[in-house]
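Trainee: Would you mind keeping the following structure in view while I ask a few things?
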Amino acid sequence: MSDHDDDLLENPSPRCPVALVLDTSGSMSGEPIAELNAGARLFIEELRRDDLARWSVELAVFTAGGTASCLRSFICVEEIAYIEPMNADGLTPLGQAVSMALDALEQRKVAYRNAGV
């Protein structure tokens, strides 16, 4: 079990993995990327306001802008201080980012099963 999975033993609450896949391509520059950043912050703030969600939702963030990448691996919402501001750049490898997110969700579910959560 990895250090990242230690939280499954410390917090045995039921979990809900959530993977956001966000378009950060060049077409999002200006107001759209500002709204995306604001929306991501608001999403986390709202989850943290709900007592159940703040301890059970685990969030991962994937971006599709130039390349597909994982901005943040699964982490309990309670432990997220902030999401780094995202910048708009490049093409939109959305399919690749969605595939990465789906693979990560499957891996996280396996970790849940292995930890009995």
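The values are calculated or read from the model by the stated rules, or taken from the named source; none is laboratory data. Predicted model, so just to flag it, every value in this text is computed and none were measured. Don't worry about glycine lacking a Cβ; one is built from the backbone with ideal geometry, like all the others, and counts go over all protein chains shown. Ligands, DNA and RNA are stripped out before the accessible areas are found, and what is left, the full protein with its side chains, is counted by its heavy atoms. Shrake-Rupley method; radii C 1.70, N 1.55, O 1.52, S 1.80 Å.
Trainee: Comparing 73, 99, 25, which has the greatest mean-square fluctuation in the GNM of the chain with Cα pairs linked when under 10 Å apart?
Mentor: 99
Trainee: Tilt of helix 31-49 relative to the longest C-alpha principal axis of the chain, in degrees (0 to 90, nearest 10)?
Mentor: 20
Trainee: Here's something else I'd like to know. How many percent of the accessible area of the chain is carbon or sulfur, using a 1.4 Å probe?
Mentor: 55
Trainee: Continuing with this model, one more query. What is the stretch 56-112 by shape, rounded, prolate or oblate, if you read a ≥ b ≥ c off the alpha carbon gyration tensor as root eigenvalues and call it rounded for a/c under 1.5, prolate for a/b larger than b/c, and oblate otherwise?
Mentor: Oblate is the answer for the stretch 56-112, as a/c is 1.5 or above yet b/c matches or exceeds a/b.
Trainee: If you take the beta carbon distance between residue 34 and residue 79 as r and set R0 to 25 Å, what does 1/(1 + (r/R0)^6) give as a FRET efficiency, to the nearest 0.05?
Mentor: Working from the Cβ atoms, E equals 0.45.
Trainee: I would also like to ask the following. Tell me the label-point distance for the pair residue 107, residue 16, using the 7 Å Cα-to-Cβ offset, in nm and rounded to one decimal.
Mentor: My value for the distance between the label points is 2.4 nm.
Trainee: On to the next question. If amide hydrogens are placed 1.01 Å from N in the peptide plane, which non-local residues have theirs closer than 5 Å to the one on residue 66?
Mentor: Here 26, 91, 92 satisfy the definition.
Trainee: Another question about this same structure. I'd like the FRET efficiency for residue 48 and residue 27, computed as 1/(1 + (r/R0)^6) with the beta carbon distance as r and R0 of 35 Å, rounded to 0.05.
Mentor: With a Förster radius of 35 Å, E is 0.70.
Trainee: Follow-up. Against the longest principal axis of the chain, how steep is helix 94-115, in degrees 0 to 90 to the nearest 10, with axes from Cα atoms?
Mentor: So the helix axis and the longest Cα principal axis differ by about 10 degrees.
Trainee: Still on this structure, I have one more. 222 nm [θ] for the chain, helices only, -39500 (n - 2.57) per DSSP H run of 4+, per residue, to 500?
Mentor: Per the formula, -14000 deg cm²/dmol.
Trainee: Express in nm, to one decimal, how much length is gained between residue 98 and residue 70 on full extension, taking 0.36 nm for each residue of separation and deducting their alpha carbon distance.
Mentor: Difference between extended and current length: 9.0 nm.
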